[in-house]
Amino acid sequence: MITVKQVSDLTGISVRMHHHYDKIGLLKPTALTEAGYRIYDKF
């Protein structure tokens, strides 16, 4: 699994935009850590 920062680095889309995509339901994280960090499966 990878963090939103790692996804951002791979895609060139900002972390903030990923957070927006999560908020509108376009790109949901696989899981959230206890601290609230978004975690994604590798694609």
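The table below gives the values:
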read-out	value
Within segment 1-19, tally of residues that are surrounded by 11 or more Cβ atoms within 10 Å (Cβ to Cβ) and charged (D, E, K, R)	2
Qualifying residue in segment 1-19 (condition: in a strand (DSSP E or B) and at pLDDT below 95)	yes
Pair list, Cβ under 8 Å, 6 or more apart: segment 13-29 residue in contact (Cβ under 8 Å) with a residue 24 or more places away in the chain, other residue acidic (Asp, Glu)	29/22
Every residue from segment 20-43 that is aliphatic (A, V, I, L, M), loosely packed, with under 15 Cβ neighbours inside 10 Å and not in a loop (DSSP other than H, G, I, E, B)	24, 31, 32
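The values are calculated or read from the model by the stated rules, or taken from the named source; none is laboratory data. These numbers were taken from a predicted model, which means no experiment stands behind them. Here Cβ is always computed from backbone atoms with ideal geometry, including for glycine, and neighbour counts include all displayed protein chains.
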